[in-house]
Amino acid sequence: MSRFWSDGIPLEVTVDALATPAAFAWRGRYHTVDRVIERWRVDEGWWKRRAWREYFQLVTHSGLLVLIYHDVRIDQWRLQRVYD
Amino acid sequence: MTDRGSDYIELHCHSCYSLCDGASTPAELIARAAGLGMDALALTDHDAVYGAPLFVAAARARGMHPILGAELTLTDDSHLTLLVENATGWRNLCRLISMARHHTPRGRPALPPAALDDHTGGLICLTGCRQGPVAAPLRRLDMPGAVRAATWLRERFGPERTFVELQHHLHPGDAVLVRRLAELARHLGLHTVATNNVHYARRDQQPLHDLLTAIRHRTSLDDAGKRLRANSEYYLKSGGRLMPLFGAYPEALAATRAIAGRCIFTLQYGLQDLPCFPTPPGYDADGYLARLCAEALPCRYPGNPERACRQLAHELHIIARAHLSNYVLIVWDLVRYARTQGIRCQGRGSAANSLVAYLLGISPIDPLRYDLVFERFLSAERPALPDIDLDIASDRREEVIQYVFRTYGPAHAAMACTFSTFQERSALRDVARALDVTTEHLLLEGDHTPDRVRTLAATLCRQLNNLPRHLGQHNGGMVLTRAPLADRVPVEPAAMPGRAVVQWDKTMLEDVGLVKIDLLGLRMLAVLSEAGRLVGDQRGEPFDLDRLTFDDPAIYQLLAAADTIGVFQVESRAQAQMLPRLRPQQFADIVVAISLIRPGPIQGDMVHPYLRRRLGQEAVAYLHPRLKPALEETLGVILFQEQVIKVARDLAGFTPGEGERLRRALGAGKGPEAIAPFRDAFLAGAARNGVAGPVAAAVFRQLEAFGGYSFPKSHAAAFAVIVYQSAWLKRYYPAAFLTALLNHQPMGFWPPAVLVRDARRHQVRVAPLDIHASGMRCVLEMDGSVRLGLNYVSGLSEAGAGRIIAARPFAGLADLCRRTRLPKGLVERLILAGACDGWGTERRRLLWELGTFHYAADELDLPIPGSTVDLPALTADEARELQMALLGVSTGDHVLARWRDALTARGYLDSLALARCPDGQRARVIGVVVVHQAPPTAKGFHFITLEDESGMINVIVRPYLVPLYRERRGGHLLKVEGIVQHEAGVVNLVATRLAPLARE
Ligand SMILES: [Zn+2]
Ligand SMILES: [Zn+2]
């Protein structure tokens, strides 16, 4: 069973030189990224509220599979989904 | 660090000529590619090469290599990217696009895959976008389907010309798709190539592209949903930007450079592309042309043909050397056909410089007599494409077009297309729909509160401005080719059934050097035809306007008096102001008159210096002695288009070709950055000739102001013939002239009402509309009066008018209604227009009677009117006003005539009395506004023309008064007080006060 937050929950993320997430803190625990499975970019809705997001589906070294995104406009990271 | 992506060339790129599926112009794309360091770029619009000429021109201007191609839509909706390697490939691409355009099962072009069987030579195939025949099955995990499609393409195009296309736009699944495509390519032994399926030059054009997508789907942005792309990655990217996405496939990036190197096709045509004119046995084109001219010469130059003979030999020699005899014969044949059908036509453009064109009847002007220089038509050192365009009586142009299709066949003849473009103002409706707001909201005037939506809409409208939207109506440019047209340029069905257009418009055809012949409809020629016929009827013998010589003093008097309402080209208010100062006395003066009142000379401030110099009030002067040869004939000012080229040559050493490019750039109004290179070259060239910098700069400023908005002298000369002929008709046969003018509206400067009143002032009787007497059109009656025709009843179709004519006479209103079955509204209009006055029943009573009739769906059931009532009759003013509103023409007295005594008592002058006032006197007048102009060249001044019962009154409104006068529609009464100003025979009233007269 996976958990989903439609607005995402704020996240502290450390990125590497290529702006790819390297680690993040969530629920008081520190997760380091093992590998990025898929990344994509969304840029739409400019005529009302522009959604410009960089999505990363990744696996942590602790075996967690998550979907996080970077809201480029306000430079904020959010956790959207945790897969089981 | 070296940029490993620097070898990347974009090979899949859409411009705005993908028509609402691309946001950038070809020039923008080229500029951006150059900025990214690409030295080549491909253009692959959807099923079209509309943008190719602009793309090629923009690329050449930057020293870049343009690659042509297209993205073809197949019948299964899949997309295939094709690039042109060589001339064979271009021919095949043109054929494939033509086939797709003629095969539109769902209203959209669709190429049956079988067509690829034998049209793949010289084409490089990229397997397409996500919608490609290979990628689409892969996305469905249909591996066998993908392999089948790729194998099929490899068989058609060969392994060296088939590339598996990889695209990565940072969508979920893109990386996987790229991997699978690359694996499949390896499996089949095919190469891969990376492209970005570009739809706009810069990322910030994504909104514009989304907007176009919404417009194309007729939906709002909110409802467009998946039809919009999910991100903004479809811009022109450098190899460096694509590297991270294709890091595992460097060969796919490198392949772009290799493919670009293979595409060596260049787009350029030559004159040899024209069909062969069938000459009689024993003659080639040169020989036949010479014979035709020799035969015509004695007729045109009886007695003393020596000079003409010499000139003819010279012209024939140069025409033959340029291989143009065939071309001239083709045009001659069109003119000959038109003449035998009684269709008036004449050449325009530089053809009038040629004796050959005169002898063949293509041009109406004797070039020897009027000092026209053949080299402006065709010069020995510059065998450029001469242009021979034909003006044809507008009502019969179609017959000539049909003749061309019949003679050369639809495979060799087509029309140039036109593009309807978005216009900033009209685009507002589209933008409003896309943003899901009302246009009223966007327009809300006077509301200056900042509004995000309004600002956004304004920006989008500006960006949409001038982008092509769809193909428009053709405008008469014809393309003829010897090889089948579809080998040269794609051909597609036009809006008119049975008609085809090529994918380029007139300018584009010119740019690539494909010969076109413009067949332009000119209403005045139709007027001359009809009026000439009427004159013949009146005289009882055929009458030929072309027999007129241009030397009747009465015609020059008419022109000098500016009595020119209705006359071709010289009837406008600006002309009427200028003619009395110019005082034309000979044909050459007419040529000057129509050249002088053009935006070029006006903006260049040439008009007044010219007139002053002509009147001897100012000495002829040149900014530099080198300008004298070019400008001597026009007293030192630039009047004719070709003088730009001469000035550039004499002052700055431009070649004729460079001069022509300069003239075009100035005329295109492209703004300072497009002009700058020309200015630099001009100043540098002038400096080499020892011309002082400030002088050269001043001359260039003059050229800039002059722009390209002017006539070549030859063109003006050809038009001057029509001026003379129409003036002659007005002078000697005003009733015939008016009849013909009324039958070919709308045309010219003045509305029909003004034409009618002007004719009445020239003693022409105009008879009202009458259901028992009027014909389909206006006619000249036996007694010499002009009878308005049923074509002046708005809304009445030709069929309806035909029913009236067939069924008359009518016993009364009920009879009219029953037997013509005209809708009630139309009958009402007929009554109000006075067309039913013949029964002697008052109009109001007729209207009331009409109201009592019951119209069933299609059946007319007419009960006998129950009772009669007394209704007040329409007053004369009401009747006139109604007639005016319904017909746009009134045959009754001028509204002011009845009030003149009262007006005179109150100190108002009529137009005749005003003309007698001395300069500087105060005066007040009342008149009906017939024209209101605020020309952009007039620095804020407005010009109003008032009409009263005896003529026209010119009112000048200074800028400070303009805001006080808000009523801009014509037709209402205006009261003006002002100062009388006499200037060289023209009387103006410079307004100090003006007020509209409320109508009771
Ligand atoms: Zn596509
Ligand atoms: Zn595409």
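The values are calculated or read from the model by the stated rules, or taken from the named source; none is laboratory data. These numbers were taken from a predicted model, which means no experiment stands behind them. Heads up, the Cβs are rebuilt from the backbone with ideal geometry, glycines too, and the neighbour counts pull from every protein chain shown. Please note that ligands, DNA and RNA were not included when accessible areas were found on the heavy atoms of the full protein model with its side chains. Shrake-Rupley method; radii C 1.70, N 1.55, O 1.52, S 1.80 Å.
Would you mind working out the magnitude of the charge dipole of the protein assembly as shown relative to its Cα centre, with +1 at each Lys and Arg C-beta and -1 at each Asp and Glu C-beta, to the nearest 20 Debye?
Dipole about the Cα centre, nearest 20: 1120 debye.
Taking both sides together, what accessible area is buried at the B/A interface, probe 1.4 Å, expressed in Å² and rounded to the nearest 100?
What B and A bury together is about 1400 Å².
Starting from the Cα gyration tensor of the stretch B:713-860, take the square roots of the eigenvalues, sort them a ≥ b ≥ c, and report rounded, prolate or oblate (rounded when a/c is under 1.5, otherwise prolate if a/b is larger than b/c, else oblate).
Prolate shape, in that a/c is at least 1.5 and a/b is the bigger ratio.
From the phi of every residue in the stretch B:211-219, what ³J(HN,Hα) in whole Hz does the Karplus formula 6.51 cos²θ - 1.76 cosθ + 1.60 yield, where θ is phi - 60° and glycine or proline is x?
Along the stretch B:211-219, the couplings run 4, 4, 4, 5, 5, 4, 8, 6, 9 Hz.
Would you mind checking A:Lys48/B:Lys237; A:Lys48/B:Lys226; B:Lys646/B:Lys713 for any pair whose Cα atoms are more than 20 angstrom apart?
Those over the limit are A:Lys48/B:Lys237.
Can you compute log10 of I(q)/I(0) for the protein assembly as shown with the Debye formula, treating each Cα as one identical point scatterer, at q = 0.06, 0.09, 0.10 Å⁻¹?
For the requested q values the scattering log ratios are -0.64, -1.23, -1.38.
Placing unit charges on C-beta atoms (Lys and Arg positive, Asp and Glu negative, everything else neutral), compute the dipole magnitude of chain B about its Cα centre in debye, rounded to 20.
The calculated dipole for chain B is roughly 1000 debye.
Can you list the residues, at least 5 places off or on another chain, whose amide H is less than 5 Å from the amide H of A:Trp77, using H built in the peptide plane?
A:Leu11, A:Asp71
Give the carbon-plus-sulfur fraction of the accessible surface of chain B in %, rounded to a whole number; probe 1.4 Å, heavy atoms of protein chains only.
Carbon and sulfur: 53 percent of the exposed surface of chain B.
For the Cα atoms of chain B, what angle does the longest principal axis make with the long axis of helix B:285-300, in degrees from 0 to 90, nearest 10?
In chain B, helix B:285-300 runs at an angle near 10 degrees to the longest axis.
Within 10 Å of each Cβ of B:165-171, how many other protein chain Cβ atoms are there on average?
Per residue, the number of nearby Cβ atoms from other chains is 2 on average.
For chain B, what is the mean residue ellipticity at 222 nm derived from helices alone (per DSSP H run of n ≥ 4: -39500 (n - 2.57); sum divided by total residues; nearest 500 deg cm²/dmol)?
Mean residue ellipticity at 222 nm (helix-derived): -12500 deg cm²/dmol.
Out of all DSSP beta bridges in the protein assembly as shown, what portion is antiparallel? Express it as a percent rounded to 5.
Bridges in the protein assembly as shown are about 80 percent antiparallel.
Taking amide H positions as placed in the peptide plane 1.01 Å from N, state which residues far from A:Ala23 in sequence (5 or more) or on other chains have amide H under 5 Å from it.
A:Thr14, A:Val33
When Cβ neighbours within 10 Å are restricted to other protein chains, what is their mean count per residue of peptide A:36-46?
So the per-residue partner count for this stretch is 6.
Calculate one ³J(HN,Hα) per residue across the stretch B:651-667 by plugging θ = phi - 60° into the Karplus curve 6.51 cos²θ - 1.76 cosθ + 1.60, and present them in order as whole Hz with x for glycine and proline.
Coupling constants for the stretch B:651-667: 8, 10, x, 5, 6, x, x, 5, x, 5, 5, 4, 4, 5, 5, 5, x Hz.
Projecting each Cα onto the charge dipole of chain B (Lys/Arg +1, Asp/Glu -1 at the beta carbon, about the Cα centre), which of B:Leu912, B:Leu141, B:Met776 comes out farthest on the positive side?
Result: B:Leu141.
Put +1 on the Cβ of every Lys and Arg and -1 on every Asp and Glu Cβ in chain B; which of B:Gln503, B:Asn92, B:Gln603 then has its Cα farthest towards the positive end of the dipole?
B:Gln603
Quick one: what Rg and Dmax do you get for chain B from the alpha carbons, in Å?
33.1, 102
Using a 1.4 angstrom probe on heavy atoms only, work out the carbon and sulfur share of the accessible area of the stretch A:3-83 in %.
About 49 percent, which is the carbon plus sulfur part of the accessible surface.
When you count, for each residue, the other Cβ atoms within 10 Å and take the mean per peptide, how do B:571-581, B:147-157 rank with the highest first?
Most protected by this proxy first, the peptides run B:571-581, B:147-157.
Which value, in Å² and to the nearest 10, is the accessible area of B:Thr418 when all protein chains are kept and the probe is 1.4 Å?
30 Å²
Which value, in debye to the nearest 20, gives the size of the charge dipole of the stretch B:510-580 about its Cα centre, when Lys and Arg are +1 and Asp and Glu are -1 at the Cβ?
The calculated dipole for the stretch B:510-580 is roughly 180 debye.
Please give the peptides B:200-206, B:138-144 ranked by average Cβ packing (other Cβ atoms within 10 Å per residue), highest first, as a rough proxy for protection.
Per-residue mean Cβ counts within 10 Å order the peptides as B:200-206, B:138-144.
Show me, for the stretch B:615-631, the HN-Hα J-couplings you get by feeding each phi into the Karplus relation (A = 6.51, B = -1.76, C = 1.60, θ = phi - 60°), rounded to Hz, glycine and proline as x.
So the Karplus estimates, Gly and Pro as x, are 7, x, 8, 8, 6, 6, 9, 10, 4, 8, x, 4, 7, 4, x, 6, 10 Hz.
Using only atoms on other chains, find how many Cβ atoms lie within 10 Å of each Cβ of peptide B:226-234 and report the average.
Going residue by residue through B:226-234 and averaging, the value is 3.
Which one of B:Thr219, B:Ala248, B:Cys263 has its Cα pushed farthest toward the positive end of the charge dipole of the stretch B:195-267, where Lys and Arg give +1 and Asp and Glu give -1 at the Cβ?
Looking along the dipole axis, the top candidate is B:Cys263.
How much of the pair distance distribution for the stretch A:1-77 lies past 14 Å, counting alpha-carbon pairs only, in percent?
Value for the stretch A:1-77 (Cα pairs over 14 Å): 63 percent.
Antiparallel DSSP bridges in chain B: what percent, to the nearest 5?
70 percent
Considering Cα pairs under 8 angstrom that are at least six residues apart, work out the relative contact order of chain B and quote it in whole percent.
This gives 8 percent for chain B.
Please report the relative contact order for the stretch A:3-83, taking Cα pairs under 8 Å with a sequence separation of at least 6, and give it as a percent rounded to a whole number.
Worked out over the stretch A:3-83, it gives 29 percent.
Taking only Cα atoms, what is the 0 to 90° angle, nearest 10, from helix B:306-321's long axis to the longest principal axis of chain B?
30 degrees
Arranged from highest to lowest average of other beta-carbon atoms within 10 Å per residue, in what order do the peptides A:15-25, B:7-17, B:110-120, B:72-82 appear?
Packing order, densest peptide first, comes out as B:7-17, B:72-82, B:110-120, A:15-25.
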